[in-house]
Amino acid sequence: MGLTIRDRLVAYRNLPKFFSLVWKVSPRLTLCNIVIRILQAIIPLGLLSVGKYIIDEAIAITHNRALSYDYLWKLIAIEFILILVLIILGKVTSLIDELLGERLTNDTTNMIMEHAAKLDLVQFENSQFYDKLERARQQTTGRAILLTHVFSQVQDMITITSYVVVLVAFNPWIIVILLSVTLPSLLGEFYFNNKNYSLIRSQTQARRELDYLSLVASSDVAAKEVRLFDLSGFFINRFKKISHNLYDAKRKFGVKRLIISSLISIPGVVGFYIVFFYIVQRVLQGSLTIGGLTLLLGTIRQLGGLVQNSAKRFNAVAQGAIYLTDFFDFFRIMPTITIPNSPRPFPDPIVSGFTFENVGFKYTNSDKWANRHLNFTLRPGEKLALVGENGAGKTTLVKLLVRLYDPTEGRITLDGYDLKEYNIEDIRTQMGIIFQDFIKYQMPASVNIAVGDIAGIDQEDLIISAAKQSLAHPIVDRLPKKYQQMLGTHFETGVELSGGEWQKVALARAYMRNAQIVILDEPTAALDARSEYEVFKRFSDITEKKTAVLISHRFSTVRMADRIIVLDKGEILEIGSHEELLQKGDRYAELFELQAAGYK
């Protein structure tokens, strides 16, 4: 999709909001930048003017040796000072641009992180959302360049205006001629920058795949499987194929741009020499001094360069402003899971529990129900286990309970009131939860535990207590730096843990907060049977007066629960205690016997 002149002009509407961001970053630096650039815009014309007088004065002295050199030396001194000031201002501007750009990048990155934290989990599971997020992230680093482009554009426009005034005062037709012969080149810049923007935008997903392939092929997360299954060749070849296609498209575009832009630049050169011939004629006729010739030629040369740069920059600014649309569009994405204006206080203690009333959920753009017809009550203090094959909807049910998702149909109530009437933060504060795909943070052991309740990050006693409850304390205690030991191998001095050790550290997160509900979603998959039994025995003891939800494929641990829900294709197949379900002799009993047979 190409960009019209109207698209570019409309995109400029983003600039006021952009400058509002820049001003918030640092009003003082922004104001200094504006003042300094105005000075930089005016000084070049002053240099050309002083140069004219220097040449005219030098020629006058050569024709009349009796003239004093004082005025000439003063002019040279003024030119020296102006050049020195211009050089210093350029360095100051570069420093301010760099500092503003750094602050802007940091602040906008923080904005994206803060907004992303407010959005729903289901939005992160949408590829179109990820494209918007990726483009928004790209804008955080590109805005420093846009900042420089905009300020430079304003600076150049002031300089161009001063040059145009000089040329119009000499002969207005010069401007008409120069504009007409440079117009093809300017239009060419518009056209090719438009095509370049379209090319880059069309490659967004392909470049995301390149980043993913690079990460998978060279990260510690996938290193084991990459080597065992000999996948490096596959990933490398895939990367080469995609990157070659991207490079080939860029190369073809670049060659085409080079040839056509070279041809359409010829009229500009011809126009310059037409004007040059006219000015030389005026000098030969005696109606223009050599200094005047230098001033006009210098003005025309610099004006031509400034116009070309401004045309390129106009496109760069317009494209940057269009990319800003991606940035601001991201902030228009709003969460669908919202907090009511007057949320109901979370009950402490919970009286009647959580009730699922014909609850169903399906993902966006999917016809398949992840859960449906869920009807049960999670009572206060009850230990509830969820059993079922992979894809049965166990984790989705838990996500509905903690309101990471809202039901597509039906409702979930807490003590008789819809869960939507409560504050989301209160709901999640009252739940200690560990998912099977927990994150191994490349951070100190204390932080890896404290993320369960980050408000307690400075409470060492609380962190150690949580580690003892999850059986992670002996693991951490033998590390060289104990709880300050960096975990993972991404950073220097980091120590890697085994899968089972990581799981015990992650389990400690669930015990960090004094929550009324504790949820463990396959948290012991990497533990052996004995370790898992010890973990769940401890879990059962610690959560004696708490409500607990447990997901596990091992029936030896599931049988500890008060009630067990058997899920199949997202629906409840059976519900009851271990003994009740065995007596029924249906799916649970069948699965239990199959697993038990494996141990005989």
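Each value in this text was obtained by applying a stated rule to the coordinates, not by laboratory testing. Only a predicted model underlies this, so the values are computations on that prediction, with no experimental measurement involved. For neighbour counting, all protein chains shown are included, and Cβ atoms are generated from backbone atoms with ideal geometry for every residue, glycine included.
Observations on the structure shown:
- Sorting 324-334, 425-435 by average packing, meaning the other beta carbons within 10 Å per residue, from highest down gives 425-435, 324-334.
- Counting only DSSP beta bridges with both residues in the chain, the antiparallel share comes to about 50 percent.
- Filter on 240/399; 118/481; 24/118; 504/546 - keep pairs with C-alpha separation over 31 Å: 240/399; 118/481
- Restricting the range 36-125 to trypsin sites (Lys or Arg not before Pro) in coil, as DSSP defines it, with at most 10 other Cβ within 10 Å: 65
- For the residue pairs 362/440; 468/537; 17/132; 132/394; 362/569, alpha carbon separations beyond 23 Å are given by 362/440; 132/394.
- For residue 568, distant residues with modelled amide H under 5 Å away: 573
- Using C-alpha pairs under 8 Å with a sequence gap of at least 6, the mean separation divided by the residue count of the chain gives a relative contact order of 14 percent.
- With viscosity 1.306 mPa s and temperature 10 °C, the Kirkwood radius over alpha carbon pairs of the range 95-250 converts through Stokes-Einstein to a diffusion coefficient of 78 µm²/s.
- Extension gain, residue 468 to residue 118, is 122.7 nm, computed as 0.36 nm per intervening residue step minus the present C-alpha separation.
- Chymotrypsin sites (Phe, Trp or Tyr not before Pro) restricted to DSSP loop in the range 20-116 with at most 11 other C-beta within 10 Å: 69
- Scanning the chain for long hydrophobic helices, with DSSP H runs required to stretch 24 angstrom or more by C-alpha along their axis and to average at least 1.0 on the Kyte-Doolittle scale, returns 27-63, 266-284.
- Listed by chain and number, the lysines whose alpha-carbon sits under 22 Å from that of residue 74, ignoring those within fewer than 8 places in the same chain, are 52.
- Centre-to-centre, using Cα atoms only, the range 542-600 and the range 159-189 are separated by 83 Å.
- Diffusion of the chain by Stokes-Einstein, at 20 °C in a medium of 1.002 mPa s and with Rh set to the Kirkwood radius over alpha-carbon pairs, works out to 70 µm²/s.
- Considering only alpha-carbon pairs that sit under 8 angstrom and 6 or more positions apart, the relative contact order computed for the range 439-514 is 45 percent.
- Estimated 222 nm signal from helices in the chain, with DSSP H stretches of n ≥ 4 weighted -39500 (n - 2.57), rounded to 500: -21500 deg cm²/dmol
- Here the Kirkwood formula, the inverse mean of 1/r across different C-alpha pairs, assigns the range 213-321 a hydrodynamic radius of 19.4 Å.
- Spin-label model, residue 195 to residue 223: label points 7 Å out along the Cα-to-beta-carbon direction sit 4.5 nm apart.
- Where labels lie 7 Å past Cα in the beta-carbon direction, separation of residue 593 and residue 280 in nm: 10.6
- For the range 439-514, radius of gyration divided by Kirkwood radius, i.e. Rg to Rh on alpha-carbons: 0.92
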